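Single-structure report; data block below.
Values quoted throughout were computed directly from the atomic coordinates according to the rules given, and no laboratory measurement underlies them. Bear in mind the structure is a predicted one, so any value in this text is a computation, not a measurement. Ideal geometry is used to build each Cβ from the backbone, glycine not excepted, and the neighbour counts take in all protein chains shown.
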Amino acid sequence: MSNKQASLLVWWPNSHDQAKADGEGRALRVRYEVHGPGGKLHGGEELPTHLPKDLPCIVLIAPSEVSMLAVTPPKLSGQKLQDALPYVVEPYLLNDPDDNHASLWHALSDGQRLAAVVGKATVRSVVSACRQAGLQVQAVSCETLRRPVQADRVMWFSGSDLLLAEPAAPPTVLPTQPPVVLTALLQRVLGSTTVEMLAADRSRLEALLASSTLLEHVQTVPRLPLSALALLRECSLVRADELRRLGIRAPAASHGKKSLLTAAAGLLLVGVIGLNALALKARHQSAHIEQSIAERYAQAMPDTPMIADPLLLIEREKRTLSSGLASSNAQGGASHWLHEVGVAMQEAPFNSLNEVAFSKGTLSLRFGANVTQAMQESTVQRLKARGLSAQWTKAGTDNQPVLQVKQGAPS
């Protein structure tokens, strides 16, 4: 793809937004921009099927679905390095190494390099949807691969995410909700150093923060010292041969290959239609079951609100914090602690977790009075065995038990 050629950039929504649109019966809309040699020409939000079909397309996967890690690569090169890379990043991930696309990028500090990891299922889903929309996908990338062009830290909003890029460390994705979590994460990643932002982004950040003291470290600039978006065409998370396996045509494909891929695309489309029909039937069945559960619950306990199971709440908070802490120490941090608490309290009563907060290196989880003393003692011992310091305190007028977790088992 020539740098002098116009290109289409498409920000693909994350899986949560896709599921929400599907559940509400809305057609999925995507953010897009058309870039020429001189920069952005125009952009907006549109249905994928209404986007330009005659421009090479760079699909940007949501930053929260791409892990950016600092790794020390083995002394290999070429295909051997590519084959080994999924296992180099394995300690930082929860799924099987073979379920991911892993790629190496620029050098960081202390001999480390930036590694980008994205799930193969995510890539298959995005590429399939783009192909159905008729888009000419040339690269699958992520906005967090943009780099500061000077030795400065740069922060900007991309959709609902706040992104932080710096020269010698992996980029960071910060969820903007809830504000108390955003404030805690910014205190952790910013410290006392300065970060550059556009004036509009700074105003948006000020409206979101629970505390304005962090804005003292934000310097407003007229233009971000950041690599151009169009350069992401050279930063594909997926190799060209993998894209071809997913049905993406090469720019100079022969007529015979074109015919073969067209036929394959037709078969794939038929399969996708069949799978969509099965998925629709399953969603209807699931909705019917959920409605029955809600009705019976309301009959049994009419004055008690129905909320998620405590372990599900823990998993939700874990996903929220993980997107902002994925590039930190993989064995510490709120994300790892939430996972350990979920395992240690797998026998917790239904509706027992009321609140989760993270501040000054301490994770606090407030539970209801139905958490027994024996369960509290068992939880402390289990977390201690996992190398975490845990203690129970009381909070509120009703003296509800609060579990406080931080690094390091008590002596």
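Working ranking of peptides 178-186, 67-75 by packing, defined as the average number of other Cβ atoms within 10 Å per residue, highest first, is 178-186, 67-75. Using 0.36 nm per residue and subtracting the Cα-Cα separation, the extra length available between residue 204 and residue 149 on full extension is 17.4 nm. Using the Cβ-Cβ distance between residue 128 and residue 80 with R0 = 51 Å, the FRET efficiency computed as 1/(1 + (r/R0)^6) comes to roughly 0.95. Each of the peptides 161-174, 231-244, 191-204 was scored by the mean count of other Cβ atoms within 10 Å over its residues; in descending order, highest first, they stand as 161-174, 231-244, 191-204.
Its residue count N fixes a reference of 2.2 N^0.38 Å for segment 1-102, and the Cα radius of gyration divided by that reference is 1.40. Taking amide H positions as modeled 1.01 Å from N, with prolines and chain starts lacking one, the residues under 5 Å from residue 359 and 5 or more places away or on another chain are 364. Starting from the Kirkwood Rh over alpha-carbon pairs, what translational D in µm² s⁻¹ does segment 29-73 have by Stokes-Einstein at 25 °C and 0.890 mPa s? The calculation lands on 188 µm²/s. Shape summary of segment 141-253, radius of gyration then Dmax from alpha carbon positions: 16.8, 56 Å.
Each residue, residue 17 and residue 106, gets one label point 7 Å from its Cα in the Cβ direction; the gap between the two is 2.5 nm.
At q = 0.14 Å⁻¹, what log₁₀ I(q)/I(0) does segment 66-175 have when each alpha carbon counts as one equal point scatterer in the Debye sum? Treating every Cα as an identical point scatterer, log10 I(q)/I(0) equals -0.66.
Roughly how many whole Å is it from the C-alpha centroid of segment 155-201 to that of segment 218-245? Using only Cα atoms to place each centre, the spacing works out to 18 Å. Run the simple label-point estimate for residue 378 and residue 244 please: 7 Å along Cα→C-beta, distance reported in nm. Inter-label distance under the simple model: 5.7 nm.
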